[in-house]
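Before any comments, here is the structure.
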Amino acid sequence: MAAPLTPTETYPVVHRTGIKFFRRVTRGTIGILREMGRRGYFSRDVLRAFADPSTYLAETVRQMRNIGVDSVPLTVIVAAFIGAVVALQTRYQLFEGVDLSLVGLASRMMVILELGPLLTGLVLTGRVGARMTAEIGTMRVTEQIDALETLAFDPVAYLVVPRLLAATIMMPALVVLADAVGIGSGYLVSVYATDITPTQFKTGLQLGFTTFQVVYSLLKATMFGSAIALVGSYEGYVTEAGAEGVGRSTARAVVITSVTILVLDALTAAVLAPYLRA
């Protein structure tokens with residue numbers, strides 16, 4: 001057992017500031033390592049829970065509806081405005097004499113490679129991730145998870161694995177829908193609200209296109225869906241302190257998931273962007 005720390009007030013005044021600083025850094029580092037260890041053990045439990053399909057398969061189908069089908073209206077609305085705004089902004093930023101087919105190219109590149117998966121992930125973080133955390137967190141504070149353990153149900157297999165599978169499967173499907181709607185809205189706005197012809201937009205849409213660009217978008221979507229499910233489920237699973245703890249866990253899950261998605265987006269671009277060129 002470690003010996004207790006000597007109170008800072010017992011040191012000379014000139015030394016106290018440095019001691020406080022290093023103790024704060026030490027406590028922060030220990031806290032980060034402790035949290036990494038907890039998340040590592042949680043990930044281990046999730047992997048182990050995949051060995052019990054009879055517990056999570058039926059629940060996975062229900063979660064696919066909650067996460068995927070029920071999110072379609074929100075996904076369509078967000079994607080439609082993304083595509084329209086990208087097309088309008090691109091058209092009116094072009095200099096005179098520039099080929100207007102660039103509007104189609106810019107719309108495709110921005111929607112498929114970046115804005116489609118990224119904004120869909122961030123929007124669903126608020127809708128899906130917060131819901132996951134609130135549901136599991138409420139079950140934790142009302143001791144329903146303890147009841148599952150008493151009934152010989154693995155709570156990780158019943159609560160976490162279905163949400164992880166559903167989010168990982170449905171997020172790419174939602175991103176495909178978002179990409180299609182975004183490009184479609186960009187086409188409609190370009191053709192009917194600006195001086196771009198359908199042929200010019202379609203020419204730009206096909207310029208430099210490769211199949212890997214779609215794969216890149218789906219890869220991002222898969223990672224974002226897994227991040228939403230894992231972070232949301234973990235924060236709900238470790239919720240404490242009643243209703244106040246549920247609210248705190250939900251807010252923390254949204255923030256952590258949003259930052260995680262942005263980091264994954266940057267890392268994916270840094271690694272795979274050179275392979276997107278036709």
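The values are calculated or read from the model by the stated rules, or taken from the named source; none is laboratory data. As the structure is a prediction and not an experimental result, all values here were calculated from the model. With ideal geometry, Cβ positions are generated from the backbone for all residues, glycine too; neighbour counts draw on all protein chains shown. All accessible areas refer to the heavy atoms of the entire protein, side chains included, with ligands and DNA or RNA removed. Shrake-Rupley method; radii C 1.70, N 1.55, O 1.52, S 1.80 Å.
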Helix 130-141 sits at what angle to the longest principal axis of the chain, using alpha carbons and giving 0 to 90 degrees rounded to 10?
20 degrees
Karplus couplings for region 255-262 from phi (6.51 cos²θ - 1.76 cosθ + 1.60, θ = phi - 60°), rounded to Hz, Gly and Pro as x?
5, 5, 5, 4, 5, 4, 5, 5
Within the accessible area of region 100-186 (1.4 Å probe), percent carbon and sulfur:
71 percent
Sorted by average packing, counted as other Cβ atoms within 10 angstrom per residue and highest first, what order do 67-77, 160-170, 50-60 take?
160-170, 67-77, 50-60
Helix-only [θ]222 nm of the chain, DSSP H runs n ≥ 4, -39500 (n - 2.57) each, per residue, nearest 500:
-25500 deg cm²/dmol
Say the dipole of the chain comes from +1 at the beta carbon of Lys and Arg and -1 at that of Asp and Glu; which of 40, 166, 225 then lies farthest toward its positive end?
40
So the angle from the long Cα axis of helix 72-93 to the longest Cα principal axis of the chain, reported in degrees to the nearest 10, equals 50 degrees
How big is D, in µm² s⁻¹, for the chain by Stokes-Einstein at 10 °C and 1.306 mPa s if Rh is the Kirkwood radius over C-alpha pairs?
74 µm²/s
1.4 Å probe accessible area per residue over the chain, in Å²:
53 Å²
Kirkwood hydrodynamic radius, region 56-142, all distinct C-alpha pairs: what's the number in Å?
15.5 Å
Once you sort the root eigenvalues of the Cα gyration tensor of region 104-162 as a ≥ b ≥ c, which label holds: rounded (a/c under 1.5), prolate (a/b larger than b/c) or oblate (the other case)?
prolate
Inter-label distance, nm, simple model (7 Å from Cα along the C-beta direction), residue 85/residue 169
3.3 nm
Please list, by residue number, every one of the GluC sites (Glu not before Pro) in region 130-159 that is coil in DSSP and has at most 16 other beta-carbon atoms within 10 Å.
143
Helix 53-67 sits at what angle to the longest principal axis of the chain, using alpha carbons and giving 0 to 90 degrees rounded to 10?
50 degrees
More than 16 Å apart - percent of Cα-Cα pairs taken over region 146-244:
70 percent
Separation of region 96-141 and region 158-186 by C-alpha centroid, Å?
10 Å
Sorting check: for 238-247, 28-37, which peptide has the highest mean count of neighbouring beta carbons within 10 Å, and how do the rest follow?
238-247, 28-37
At a 10 angstrom cut-off on C-beta neighbours, averaged per residue, how do the peptides 121-130, 226-235 rank from highest to lowest?
226-235, 121-130
Phi angles of region 100-111, converted by Karplus (6.51 cos²θ - 1.76 cosθ + 1.60, θ = phi - 60°) into ³J(HN,Hα) in whole Hz with x for Gly and Pro, give 5, 5, 4, 5, x, 4, 5, 4, 5, 5, 6, 6
